[in-house]
1. Of the residues that sit in the range 142-154 and are of a type in the set (Gly, Ala, Ser) and in a strand (DSSP E or B), which one is surrounded by the most Cβ atoms within 10 Å (Cβ to Cβ)?
2. For the range 39-141, which fully contained strands (runs of 3 or more DSSP E) count at least 1 residues that are among the aliphatic types (A, V, I, L, M) and at pLDDT below 90?
3. Do you know which residues across the range 286-321 are within 16 Å of residue 229 (Cα to Cα) and of a type in the set (D, E, K, R)?
4. Look through 246, 279 and report the one residue that is part of a loop (DSSP other than H, G, I, E, B) and under 18 Å from the mean Cα position of the chain (by Cα).
5. Please find, among 279, 314, 299, 288, the residue that is more than 15 Å from residue 358 (Cα to Cα) and either surrounded by 22 or more Cβ atoms within 10 Å (Cβ to Cβ) or in contact with a helix residue (DSSP H, G or I) (Cβ under 6 Å, 6 or more places away or on another chain) (or both).
6. Could you figure out which of (1) over 24 Å from residue 265 (Cβ atoms); (2) of a type outside the set (Asp, Glu); (3) touching a Ser or Thr at 6+ places or on another chain (Cβ under 7 Å); (4) outside any loop (DSSP other than H, G, I, E, B) isn't true of residue 349?
7. Condition first: more than 30 Å from residue 165 (Cβ to Cβ) and in contact with a Pro (Cβ under 9 Å, 6 or more places away or on another chain). Can you find one or more residues in the range 270-278 that meet it?
Amino acid sequence: MNASKRPSPAPARPWRWAILVVLVAQAAFLFSRTRQEEERAWDPLRMTNPGVHQPMIQDRGMLGTRAPAQPGDLVVSQGKALVAGLATDGKRVYFGESLLGQRILSVPVMGGAETLLGSGRMPLDVALGKDVLVVVDGGGLMVDGQGTITAFPLDGSGEPRVLASRIVNPTAMAISATHVYWLDGGNVDRDYVDGFVAGAPLAGGAHKVLAAGERQPNGLAVDATHVYWSRRDVYKQGEVVRMPIAGGPIEVVSPGQDWVKRITIVGTDVYWISAKDLAGTRAVVRKAPVKGGPALDVAVADTQMCGMAIDGDAVYWTDPGNVGGTNASTGGRILKQRLTGGEPIVLASGQDRPCYIAVDATHVYFSTRSLERVKRAPKDIASVP
């Protein structure tokens with residue numbers, strides 16, 4: 001083989017190496033918090049009712065330059081364990097805890113007492129169903145075949161229902177009204193060529209492999225008829241593809257992509273993040289018709305993208321800022337850009353490495369690496385009284 005065409009070594013599994021890095025970073029963070037952070041963590045406003053989280057109004061100066069200088073930025077949940085996944089139904093926010101916590105929680109959108117839905121070993125992401133929160137769990141740090149997908153009742157009652165188990169390398173998950181779908185990224189020893197797409201009923205039952213032999217599948221979405229994901233070849237060329245839920249041929253929606261993250265379907269278009277690397281460097285949100293066609297740039301990041309959410313009006317994303325050090329970073333931002341075009345709007349700035357993001361009718365919710373681990377900001381700054 002020509003040396004110039006020799007395949008590059010397969011990258012490490014993204015979620016598992018990310019969790020390992022987070023563990024080291026969080027240990028350093030907990031031992032190096034400044035006195036100011038300690039005072040902030042024990043603010044009297046939060047200790048009015050010990051044991052119950054108190055909503056905390058932040059200085060509006062935390063937000064971007066287009067934000068009015070008045071109170072309104074709300075801390076929804078605080079805690080030492082980092083957030084793993086984020087979803088909202090407009091009434092409550094749902095998320096998992098990685099590593100130090102390992103709990104599955106919900107909390108009112110305005111902050112308040114948390115509801116424990118269950119626990120996991122290494123939660124990675126969540127998806128909200130009609131009456132359950134579906135959680136994909138890595139199982140154990142760098143341990144093959146321990147991944148699971150579990151449905152937790154939203155009201156915290158009843159037993160969790162395991163929908164799938166023995167997943168080697170879970171990389172993404174999506175749900176429909178009746179089924180959960182997931183990607184197994186495959187085994188590093190086989191250069192990830194044994195990845196696959198699978199699905200199982202939310203009510204419980206045998207799972208079905210939809211597509212096998214997919215190399216490094218990542219990003220996943222589903223609509224009424226098809227399931228969508230991305231894959232890469234040995235020369236690091238990526239593409240967004242789809243196939244019928246009921247089975248059938250795999251169709252290429254958009255070729256020539258970089259690392260693809262967070263695929264979402266809105267109407268008759270599929271949206272995704274395409275980035276230089278898994279860290280989201282030089283990322284862009286793109287869209288293409290679900291049946292395939294030219295890909296168009298919707299939003300371009302001037303630094304990075306970690307997470308993305310879309311409603312019928314705009315795309316929202318998290319820019320983690322400077323993540324090179326182990327101490328808290330305050331360079332993170334939450335940005336918005338209308339689907340019809342225009343300049344990005346900064347909804348929140350000065351945040352500590354935001355990543356997961358969710359939206360409802362009025363607000364955007366995002367995770368941070370600080371003790372104020374879930375926060376929210378208005379989607380429309382002009383509407384803040």
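The values are calculated or read from the model by the stated rules, or taken from the named source; none is laboratory data. In this text, all values refer to a predicted model and were calculated from it rather than measured experimentally. Virtual Cβ from ideal backbone geometry, glycine too; neighbours counted across all protein chains shown.
1. Looking only at the range 142-154, we keep the residues that are of a type in the set (Gly, Ala, Ser), and these are 145, 147, 151.
Pick out the ones that are also in a strand (DSSP E or B) and you get 147, 151.
Working: 147: 26, 151: 23.
Here the answer is 147.
2. Where strands (runs of 3 or more DSSP E) fall fully within the range 39-141 and carry at least 1 residues being among the aliphatic types (A, V, I, L, M) and at pLDDT below 90, they are 56-58, 73-77.
3. 286, 287, 291
4. Details: 246 fails: under 18 Å from the mean Cα position of the chain (by Cα).
So the residue among 246, 279 that is part of a loop (DSSP other than H, G, I, E, B) and under 18 Å from the mean Cα position of the chain (by Cα) is 279.
5. Sole residue among the options that is more than 15 Å from residue 358 (Cα to Cα) and either surrounded by 22 or more Cβ atoms within 10 Å (Cβ to Cβ) or in contact with a helix residue (DSSP H, G or I) (Cβ under 6 Å, 6 or more places away or on another chain) (or both): 299.
6. For residue 349, the failing item is (3).
7. yes
To keep it simple, each residue is scored yes or no on (1) under 18 Å from residue 176 (Cα atoms); (2) aliphatic (A, V, I, L, M).
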site: 245; (1), (2): yes, yes
site: 266; (1), (2): yes, yes
site: 269; (1), (2): yes, no
site: 275; (1), (2): no, yes
site: 279; (1), (2): no, yes
site: 285; (1), (2): no, yes
site: 288; (1), (2): no, yes
